[in-house]
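Report on the structure given below.
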Amino acid sequence: MKYRILITLTIVITQLSACQKKDLNTAKKTENMNEEKFEWDGMACVPDDYPVTVLSPNVFYSNGGKHITLIPNMSYTTGSWSGSGRSWASEPSPAPDHLSITWFSETENKIYAGEFSLPQQKIYNLFKEGYIVYGIPADSDDSKKTLHKETYTSLTAGLAPKGMVVVWMDGRNKVEIGRYQAKELGRKEANEVFKRHFKSSGDMPETIDKAEFDRLTPEVKEIIRQGKISSKQWDDYRLRYNWKVEFNKPLEMYKYYIGFFNSEYSGYLPPKVSQENFNKIILEPREKVVPNYIGMYVTAENHRNYLIRLETLDEKETIEAFKKLEELSPKSVITMFITVDDAFKNFTVTLKNDKKEIKLEKALLQLFILDKSNDLKKQK
């Protein structure tokens, strides 16, 4: 009996010790996330023709506001959804766990505000992992190109119509962190915020400023006239489809880069990912957003290396083709089929599934023969 009690006590003590060790490890990881600092800036961007002025509060913060990285206050932000706006050089800071952002949407003549919890562990892991780059390291003494690790340098808040917010991590790669929804301030609160920031004695204007309206494209002017401003276009960019790339010839792809309509970009490997597994992201079916350009470095049976470059995929044509194929056969794989001619001078792109084929007629396509000076195969 005493022997059984001794065994039971030993098991309980061992389990308690393991739990305590696990708790200590978890606490240490949390402490690292809140204290380990990285060099990064806070930025903002907006879609074309939807300028905003960033108001206060305008911060990424972590650890209860102890560490703060500002997004430029009172900055009139224009540009595109695929780029980042102005930034201020910030002191090194930990991975953020919250974003607080307020802005005046000139196009809508509204003020939006929101405070959002960010996936700090994901952001921390991305900072820590970084990606592998072939080039001259920032701390190089001899300006010699090498394979070396770099990491992300900014977090960007994308501000779209109707209070839509998307956060990305930017660097040579660009990764979406999440999609969030800000609230429109009521008229009374909006007037107070407007007066405080714009040093105005009067209330916020009832309609869009005429000078601002005159700068817009005819398409956006018509959207405003009809009262049809929406975030649907930018939400559609984020829709995922089960798709892959396939060639009509036995080509070995040894490197690629890809940009997406949702503003993400991928081309540099995380340190623990092999090139073979990285290539599978587009060579094998998996859920991905719609691409707007792709560059694929391949070796043909003639042992020559080529760059197959989908320089630009037409937004409307490409997104509608993906949607159509998904509607016709929701469970089937969509294949982006690349047909290269025998002379390796031209190629075509067709999207297809088990129901239909759609040729992308408006895509800008380029094919290059690679020589030793621009062949990236040796840089793996």
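Going through region 129-146 one residue at a time, which ones are touching a Ser or Thr at 6+ places or on another chain (Cβ under 8 Å) and either in contact (Cβ under 8 Å) with a residue 40 or more places away in the chain or of a type in the set (A, V, I, L, M, F, W, C) (or both)?
The answer is Glu129, Gly130, Tyr131, Tyr134, Ile136.
How many of the residues in region 221-264 are part of a strand (DSSP E or B) and either among the aromatic types (Phe, Trp, Tyr) or in contact (Cβ under 8 Å) with a residue 40 or more places away in the chain (or both)? Please lay out each step first, then the result.
Start the filter on region 221-264 by keeping residues that are part of a strand (DSSP E or B), which leaves 241-247, 252-260.
Next, only the ones that are either among the aromatic types (Phe, Trp, Tyr) or in contact (Cβ under 8 Å) with a residue 40 or more places away in the chain (or both) stay: 241-247, 252-257, 259-260.
Here the count works out to 15.
Test of understanding: among Ile223, Ile281, Ile229, Ile294, which residue is within 17 Å of Glu311 (Cα to Cα) and among the hydrophobic types (A, V, I, L, M, F, W, C)?
On the way: Ile223 fails: within 17 Å of Glu311 (Cα to Cα); Ile281 fails: within 17 Å of Glu311 (Cα to Cα); Ile229 fails: within 17 Å of Glu311 (Cα to Cα).
One residue alone meets the criteria, Ile294.
From the list Ser75, Ser143, which residue is of a type in the set (S, T, N, Q) and surrounded by 15 or more Cβ atoms within 10 Å (Cβ to Cβ)? Explain how you work it out, then say what you get.
Details: Ser143 fails: surrounded by 15 or more Cβ atoms within 10 Å (Cβ to Cβ).
None of the others qualify; the one that does is Ser75.
Which condition breaks for Leu283 when tested against (1) crowded, with 20+ Cβ neighbours inside 10 Å; (2) over 20 Å from the mean Cα position of the chain (by Cα)?
Answer for Leu283: the failing condition is (1).
Out of all the residues in region 140-154, is one or more closer than 23 Å to Ile224 by Cβ and among the polar types (S, T, N, Q)?
Looking only at region 140-154, we keep the residues that are closer than 23 Å to Ile224 by Cβ, and these are none.
Checked region 140-154: no residue is closer than 23 Å to Ile224 by Cβ and among the polar types (S, T, N, Q).
Of Arg225, Arg172, which residue is under 30 Å from Ala300 (Cβ atoms) and outside the structural domain of Thr339 (by TED's automatic domain parsing)? Explain how you work it out, then say what you get.
Values: Arg225 fails: under 30 Å from Ala300 (Cβ atoms).
Arg172 is the lone residue from the list that is under 30 Å from Ala300 (Cβ atoms) and outside the structural domain of Thr339 (by TED's automatic domain parsing).
If we keep just the residues of region 119-154 that are modelled with pLDDT of 95 or more and of a type in the set (Lys, Arg), which is nearest to Val273 (Cα to Cα)?
Lys128
Of everything in region 174-219, what is aliphatic (A, V, I, L, M) and touching a helix residue (DSSP H, G or I) at 6+ places or on another chain (Cβ under 9 Å)? Give them in sequence order. Let's see the steps before the verdict.
Start the filter on region 174-219 by keeping residues that are aliphatic (A, V, I, L, M), which leaves 175, 177, 182, 185, 190, 193, 204, 208, 211, 216.
Passing the criteria: Val175, Ile177, Ala182, Leu185, Met204, Ile208, Leu216.
Give me the residue from region 323-380 that is part of a helix (DSSP H, G or I) and loosely packed, with under 12 Cβ neighbours inside 10 Å and, out of that set, modelled with the lowest pLDDT.
So in region 323-380, the residues part of a helix (DSSP H, G or I) come out as 323-328, 377-379.
Checking the rest, the ones that are also loosely packed, with under 12 Cβ neighbours inside 10 Å come to 327, 378.
Numbers: Glu327: 98, Lys378: 54.
Filtering first and then ranking leaves Lys378.
Could you identify the single residue in Gly171, Gly186 that is surrounded by fewer than 15 Cβ atoms within 10 Å (Cβ to Cβ) and either under 29 Å from Arg238 (Cβ atoms) or aromatic (Phe, Trp, Tyr) (or both)? Let's see the steps before the verdict.
Values: Gly171 fails: surrounded by fewer than 15 Cβ atoms within 10 Å (Cβ to Cβ).
After ruling out the rest, the residue left standing is Gly186.
Take region 192-204 and flag every residue that is part of a helix (DSSP H, G or I) and either farther than 17 Å from Gly114 by Cα or in contact (Cβ under 8 Å) with a residue 24 or more places away in the chain (or both). First the steps, then the outcome.
To start, the set of residues in region 192-204 that are part of a helix (DSSP H, G or I) comprises 192-198.
Of everything in region 192-204, those that are part of a helix (DSSP H, G or I) and either farther than 17 Å from Gly114 by Cα or in contact (Cβ under 8 Å) with a residue 24 or more places away in the chain (or both) turn out to be Val193, Phe194, Lys195, Arg196, His197, Phe198.
Quick check on region 146-179: of everything there that is of a type in the set (D, E, K, R) and part of a strand (DSSP E or B), which residue is nearest to Thr69 (Cα to Cα)?
Going residue by residue through region 146-179, those that are of a type in the set (D, E, K, R) are 149-150, 162, 170, 172, 174, 176, 179.
Checking the rest, the ones that are also part of a strand (DSSP E or B) come to 149-150, 170, 174, 176, 179.
Values: Lys149: 24, Glu150: 20, Asp170: 15, Lys174: 19, Glu176: 19, Arg179: 20 Å.
Among those that are of a type in the set (D, E, K, R) and part of a strand (DSSP E or B), it is Asp170.
Each row is one residue, and each column tells you yes or no for (1) assigned by TED's automatic domain parsing to the domain that holds Lys280; (2) under 17 Å from Tyr237 (Cβ atoms); (3) in contact (Cβ under 8 Å) with a residue 12 or more places away in the chain.
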position	(1), (2), (3)
Val290	yes, yes, yes
Tyr293	yes, yes, yes
Arg309	yes, no, yes
Leu313	yes, yes, yes
Glu317	yes, yes, yes
Pro330	yes, no, no
Phe344	yes, no, yes
Asn353	yes, no, yes
Lys356	yes, no, yes
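Any residue that is among the basic types (Lys, Arg) and more than 27 Å from Asn305 (Cβ to Cβ) - is there at least one of those in region 205-216?
If we filter region 205-216 for residues that are among the basic types (Lys, Arg), which is where we start, we get 210, 215.
Filter again for more than 27 Å from Asn305 (Cβ to Cβ), leaving 210, 215.
Yes, some residue in region 205-216 is among the basic types (Lys, Arg) and more than 27 Å from Asn305 (Cβ to Cβ).
What about Lys255, is it of a type in the set (D, E, K, R) and in the same structural domain as Lys316 (by TED's automatic domain parsing)? Let's see the steps before the verdict.
On the way: of a type in the set (D, E, K, R): yes; in the same structural domain as Lys316 (by TED's automatic domain parsing): yes.
It is true that Lys255 is of a type in the set (D, E, K, R) and in the same structural domain as Lys316 (by TED's automatic domain parsing).
Residue by residue through region 205-215, note down the ones that are surrounded by fewer than 10 Cβ atoms within 10 Å (Cβ to Cβ) and either part of a helix (DSSP H, G or I) or in contact with a Phe, Trp or Tyr (Cβ under 7 Å, 6 or more places away or on another chain) (or both). Full working, then the answer.
First pass over region 205-215, keeping only residues surrounded by fewer than 10 Cβ atoms within 10 Å (Cβ to Cβ): 206-207, 210-211, 214.
Once the filter is applied, which keeps residues that are surrounded by fewer than 10 Cβ atoms within 10 Å (Cβ to Cβ) and either part of a helix (DSSP H, G or I) or in contact with a Phe, Trp or Tyr (Cβ under 7 Å, 6 or more places away or on another chain) (or both), region 205-215 yields Lys210, Ala211, Asp214.
The values are calculated or read from the model by the stated rules, or taken from the named source; none is laboratory data. Quick caveat, the model's predicted, so the values are computed rather than measured. Neighbour counts run over all protein chains shown; Cβ positions are idealised from the backbone, glycine included.
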